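Single-structure report; data block below.
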Amino acid sequence: MTRVLCVAEKPSIAKSVAQTLGGGRVSLRESGNKYVKNYDFRFEFPEWGWCDVTMTSVLGHLTSIDFPESFAWGNCDPDRLFQAPIMTKGSGSDSAKVATNITNEAQRANHLMIWTDCDREGEYIGFEILEQAKKKNGFFNLNNTYRAQFSHLERSHIVRAAKNPIKLNKNAIDAVSTRMEVDLRTGASFTRFLTETFRARFKDTVPKVVSYGACQFPTLGFVVDRYKRVKSFVPEEFWYLSIEAKKGNSKVPLTWSKPSLFDRLVALVIYQECVQFSGNQATVTNVSSRPTSNWAPLPLTTVELQKCCSNIFKMGAKETVDCAEKLYNMGFISYPRTETDKFPKNMDFKSLIEKHAQSSTWGEYAAALANEPGKFRTPREGSHDDKAHPPIHPICFTDGASLNAKQKQVYEFVVRRFLACCSKDATGSLTTVKVRWGTEDFAASGLNVIETNYLDIYTYSKWESSKKLPAFEMGEIINLSKAELATGRTSPPEYLTESELIALMDANEIGTDATIAEHIEKILTREYAVKVPKGTGRSKVLQIVPTELGYGLVEGFNQIGFDRISLTKPFLRRELEGKLRNIVDGQKRKQEVLEEIIELYHQAFVQTKQNKSVVLDSYRKIVESNS
DNA sequence: GCAAGGTC
């Protein structure tokens, strides 16, 4: 019988796909690695009929790249790393066993089918698997290796993927190897140069490693940018008209329709006109009431999870993903690294919801959502789809007995978020009254919440009826209890919070859902930035501020003034991401992009070397100005 | 002692 070897990117996918395709008749074999299992079963493929199938997996990348020994740290001028040869090596300590398992299983196989995630890295991991499979089976090559296309684990979707495989995408493989090479050459050269330069001048007052990375520097750049804006902020005085209507016993403050003015005289002229014109009386020009709603949240992505846990629980991004990872491994939640904010079609929401009816906390809500007519609504759809994983959602109910406090919080959040997604929007009515005083318009509005719906379960969001507006009538003349020219001062921006940093990185394509937390962690462990608490109690937030070293590095690099790039801003990484997409689309070739980008970085490297005193002095000046 | 990308 024809033998087919299927290989997924991670054990959980192998297990799930094997169960689906094997229809319950699956036998399990150990692989030599603790996490990786081999699943044997039979499946009927359209082209090959009934086959003996082995489904196994790797653990992410099998290999990584590095320089040969003669180009190791200390053995050559960092400048040479832009042209040095590059070799492939096994990645991580446990990769050997995983790799051997692929080679052994492939030896007897007639066909190789790749089941890695449907993204760029997944294509490359597929290529690594093929290279490994070739070692004892010369038959396999890019043209006869199959690739299953799937974006979630729903049964019919998986069966369709098995029956309609395509080929590995050579362009995507090239794009990833381009990224790897750029990151290695630039990261290693600049890191060695900076470390040696800083340690030569400042010895033990700087950390052991002063690193550069195409993601960590822009991350640091965001932190420094905000810090500088706070530091250089000069408050400005502004003026505005402030009036308050008196109606029976209640006083209603009204907001001026124009923005505040920075010119006191202009504001004063307007104010005097109004007083002359209308005194302490104003006219109601419009009263309207309209239905309004507060939308239930979108399905949960990794980035959103990190932002929410940072805002709500003050958890670090790394801490959050670690908790999510644990919850996933225990089978409580779905795969936690996803960019997708829309659920697949024909997803069985009701059965997922029903599992939570047993909860003592949210059980009542879940039961009602699953069973009472008119409660459930299919979740809204966001616009992101990584084609690999569904949004994060609970798989099983747990009372949390086996979880620590943080994991419990994250789990509860995932559940509440999911139930909220499946609930109706909150509704209310918004009453707005418009008033004319002199030549100017003012307005006040009052919210009346009618149906709370999702807010009952998503207790992290607040949307409450504001103080009720008294009844006003069109054309009514009202008395003002206050009519004054008010003044205020503009306030400085706050230092960056982690959740804002995550949002900036996400928007600027710095890192991925799986790595954003690591880059933030990196600038902290490199002593480029620190987290400082602001406020106390419930209003406490953690802000990220640069250290003298982080500030000095960014300022120094900014002062050098490279030709058309900046190493501390996100644009270069974005440009690379764009070019990588061009490689995938076939609009550019790998070699062409490599030459362009490496040349750009090399020029920047040479310039940095020539101007190393600029960077060193920038740091020294900051240290001195603080002491 | 270096990067960033997977995953455990």
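The values are calculated or read from the model by the stated rules, or taken from the named source; none is laboratory data. Note that this is a predicted model, so its numbers are computed, not measured. Heads up: the accessible areas ignore ligands, DNA and RNA and are worked out on the full protein's heavy atoms, side chains in. Shrake-Rupley method; radii C 1.70, N 1.55, O 1.52, S 1.80 Å.
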Inset, instruction - Any aspartates and glutamates with Cα under 14 Å of the A:K534 Cα? List them, leaving off those in the same chain fewer than 8 positions away. - result: A:E494, A:E498
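Given a 1.4 Å probe and heavy atoms of the protein chains only, how would you sort A:I457, A:I477, A:I395, largest accessible area at the top? The partial results should precede the final answer.
On the way: A:I457 5, A:I477 100, A:I395 60 Å².
Putting A:I457, A:I477, A:I395 in descending order of accessible area: A:I477, A:I395, A:I457.
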Inset, instruction - Name the aspartates and glutamates eligible as straight-distance cross-link partners of A:K621: C-alpha to C-alpha under 15 Å, and not fewer than 8 places from it in the same chain. - result: A:E548, A:E555
Legend entry - Solvent-accessible area of A:H384 with every protein chain in place, 1.4 Å probe, in Å² to the nearest 10: 100 Å²
Inset, instruction - Compute the acute angle (0 to 90°) between the alpha-carbon long axis of helix A:571-585 and the principal axis of greatest extent of the alpha-carbon atoms of chain A; round to the nearest 10°. - result: 50 degrees
Inset, instruction - Give the accessible area for A:K258 in Å² (nearest 10); use a 1.4 Å probe, count only protein heavy atoms, and leave out ligands, DNA and RNA. - result: 100 Å²
Inset, instruction - Sort A:E121, A:E128 from largest to smallest accessible area, using a 1.4 Å probe on the heavy atoms of the protein chains. - result: A:E121, A:E128
Legend entry - Area projected by the alpha carbon convex hull of segment A:172-280, averaged over all directions, nm²: 16.1 nm²
Legend entry - Residues whose placed amide H lies under 5 Å from that of A:R377, excluding near-sequence neighbours: A:S423, A:K424
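Would you mind computing the Rg to Rh ratio of chain A from its alpha-carbon coordinates, Kirkwood style for Rh? Please report the intermediate quantities before stating the final value.
Numbers: Rg = 30.1 Å, Rh = 28.7 Å.
That ratio is 1.05, to two decimals.
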Legend entry - Qualifying aspartates and glutamates (Cα of each under 18 Å from Cα of A:K258; at least 8 residues distant if same chain): A:E236, A:E237, A:E244, A:E273, A:E440, A:D441, A:E484
Inset, instruction - Search the structure for amide H atoms under 5 Å from the amide H of A:G511, placed 1.01 Å from N in the peptide plane, and list their residues when 5 or more places away or on another chain. - result: none
Legend entry - Karplus-derived 3J(HN,Hα), 6.51/-1.76/1.60, for each residue of segment A:392-399, Hz, glycine and proline x: 5, 8, x, 9, 10, 8, 9, 7
Legend entry - Using alpha-carbon coordinates, inclination of helix A:516-525 to the longest axis of chain A, degrees: 90 degrees
Legend entry - Separation of alpha-carbon centers, segment A:200-254 and segment A:61-80, rounded to whole Å: 40 Å
Legend entry - In sequence order, calculated HN-Hα J values of segment A:265-277 (Karplus, 6.51, -1.76, 1.60; Hz; x Gly/Pro): 5, 4, 5, 5, 4, 4, 4, 5, 4, 5, 4, 4, 5
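Can you give the Rg to Rh ratio of segment A:475-585, both from alpha-carbon atoms, with Rh computed by the Kirkwood formula?
Values: Rg = 21.5 Å, Rh = 17.9 Å.
Answer for segment A:475-585: 1.20.
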Legend entry - Solvent exposure, largest accessible area first (probe 1.4 Å, DNA, RNA and ligands not counted), of A:I173, A:I65: A:I65, A:I173
Inset, instruction - For segment A:302-421, list log₁₀ I(q)/I(0) at each q in 0.16, 0.18, 0.19 Å⁻¹, using the Debye formula over Cα point scatterers of equal strength and ignoring solvent, two decimals each. - result: -0.76, -0.96, -1.07
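Would you mind checking A:K10/A:K350; A:K208/A:K522; A:K136/A:K590; A:K97/A:K387; A:K251/A:K434 for any pair whose Cα atoms are more than 18 angstrom apart?
Over 18 Å apart, Cα to Cα: A:K10/A:K350; A:K136/A:K590; A:K97/A:K387.
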Inset, instruction - Calculate how steeply helix A:170-202 sits against the longest principal axis of the alpha-carbon atoms of chain A, using the helix alpha-carbon long axis, and give the answer as 0 to 90 degrees to the nearest 10. - result: 70 degrees
